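Since the structure comes first, as structure tokens, the remarks are kept for the end.
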Amino acid sequence: MSEAIKVDSPPQLWLLGQFRLECDAKAVELCRNAQRVLAFVALRRRVSRTVLAGTLWPEVTEDRARGSLRTTLWKLPRGDESLVRCSGDSLAAATALRVDVHSFTETALSVVEGCCPPPTAQLPPGLLGADDLLPGWDEEWVLIERERLRQLRLHALDALAEVFVREGRPALALEAAWESVRSEPLRESAHRAAVSAHLAEGNLMEAVRHYRSFRRLLREELGVEPSPQFARMLSRHGVTVLQSG
């Protein structure tokens, strides 16, 4: 039987970057199947045994998959509250379990929805330099969730850059825009945010230089032009951008 772990502080699970679990502020080592089960349940919050077993052990029969799931659940550490609560066919993450993905999601959604007032001197934690979800894990359920989080982060950075421009803080707007550009160099909305920040500072030459650099990159990689919307940003400041047609 697995060793009981006395949990005095809330258990914490990190899924952005390498998998890491701490119980009572101490690192806990889990076998790979236990990591997969805990990660899946933590991401979904609640899932049926049938779905979980079928997703993690798709190559075997349903009975064998459910047996593997039972064995793996038994191997999870146990404290005052199990990390995974079982109720009939339903499995749920412990209410006390803190998961970095959920904190990141709440922060990003609050920015996208306009509910998070921008800080005075820095970007919201988690958006700058955030790691991918479980890098190196290539199962389909991880890939889908990883892409969802990546898109959410990019939208949050774009929205944050716009907020900083409106608030008269172009330097922070550029930080947010460049973080988005680094993550996805061909994403036009990120480049528009950077140009908008340059224009807010009155740096027309920087804005034109950035636009031309992005236009060249887009032509080389995709053979297309930036959108007319992007060109109009500069034309409103007296700069004519000729579109090839």
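The values are calculated or read from the model by the stated rules, or taken from the named source; none is laboratory data. As the structure is a computational prediction, the values presented were derived from the model and not from experiment. Cβ: placed from backbone, ideal geometry, glycine included. Neighbour counts: every protein chain shown. These area figures cover heavy atoms from the full protein model, side chains too; ligands, DNA and RNA do not enter into them. Shrake-Rupley method; radii C 1.70, N 1.55, O 1.52, S 1.80 Å.
For the residues Lys75, Lys26, a 1.4 Å probe over the protein chains yields an accessible-area ranking, largest first, of Lys26, Lys75.
Could you give the alpha-carbon Rg of the range 164-208 over 2.2 N^0.38 Å, rounded to two decimals?
Cα-based Rg divided by the globular estimate yields 1.04.
A simple spin-label model places the labels of Thr55 and Arg148 0.8 nm from each other, with each point 7 Å out along Cα-to-Cβ.
With all protein chains present, how much of the accessible area of the chain (probe radius 1.4 Å) comes from carbon and sulfur, to the nearest whole percent? Walk me through the numbers on the way to the answer.
On the way: 6560 of 13150 Å².
Percent of accessible area from carbon and sulfur atoms in the chain: 50.
Applying the Karplus relation 6.51 cos²θ - 1.76 cosθ + 1.60 with θ = phi - 60° to the range 47-53 yields 3J(HN,Hα) values of 7, 7, 4, 4, 5, 5, 5 Hz, where x marks Gly and Pro. Each other residue within a Cβ distance under 13 Å of Leu160 adds +1 if Lys or Arg and -1 if Asp or Glu, for a net charge of -3.
Using a 1.4 angstrom probe on the protein heavy atoms only, could you order Glu81, Glu225, Glu113 from most to least accessible area? Mind showing how you got there, number by number?
Working: Glu81 70, Glu225 40, Glu113 120 Å².
From most accessible down to least: Glu113, Glu81, Glu225.
Backbone phi angles across the range 17-26, fed through the Karplus curve with coefficients 6.51, -1.76 and 1.60 (θ = phi - 60°), yield HN-Hα couplings of x, 6, 4, 8, 10, 10, 10, 6, 6, 10 Hz in residue order; Gly and Pro are listed as x. Quick one: Debye curve from the C-alpha atoms of the chain, no solvent, what's log10 I(q)/I(0) at q = 0.11, 0.17, 0.18 Å⁻¹? Debye curve over Cα of the chain, log10 I(q)/I(0) at q = 0.11, 0.17, 0.18 Å⁻¹: -0.70, -1.16, -1.25. Thr50 sits among other residues whose Cβ lies under 15 Å from its own Cβ, and their net charge, with Lys and Arg +1 and Asp and Glu -1, is +3. With a cut-off of 14 Å between beta carbons, the residues surrounding Ser180 carry a summed charge of -1, where Lys and Arg count +1 and Asp and Glu -1. Solvent-accessible surface of the range 1-112, taken per residue with a 1.4 Å probe and all protein chains present: 53 Å². With θ taken as phi - 60° and the Karplus curve 6.51 cos²θ - 1.76 cosθ + 1.60 applied, the whole-hertz 3J(HN,Hα) list for the range 103-112 is 5, 4, 4, 4, 5, 5, 5, 5, 6, 4 Hz, x standing for glycine and proline. Amide H contacts for Asp132 (H built 1.01 Å from N in the peptide plane; partners 5 or more residues away or on another chain; cut-off under 5 Å): Gly17. Where in the range 84-98 does the label zone of Ala27 land, with the point 7 angstrom along Cα→C-beta and an amide N cut-off under 15 Å? The answer is none, because no backbone nitrogen lies closer than 15 Å to the label point.
For Arg98, the amide hydrogen comes within under 5 Å of the amide hydrogens of Gln12, Leu13, counting only partners 5 or more places away or on other chains and with H modelled in the peptide plane.
Could you give log10 I(q)/I(0) at q = 0.10, 0.14, 0.18 Å⁻¹ for the range 12-126, computed by the Debye formula over C-alpha point scatterers of equal weight, without solvent? The Debye formula, applied to the Cα set alone, gives -0.36, -0.65, -0.93.
For Leu43, the solvent-accessible surface with a 1.4 Å probe is about 20 Å², rounded to the nearest 10.
With every protein chain in place and a 1.4 angstrom probe, the accessible-area ranking of Glu175, Glu188, Glu29, largest first, reads Glu29, Glu175, Glu188.
Near the amide H of Leu91, within less than 5 Å, lie the amide hydrogens of Val47, Ser48, Arg49, all on another chain or at least 5 residues away, with H placed in the peptide plane.
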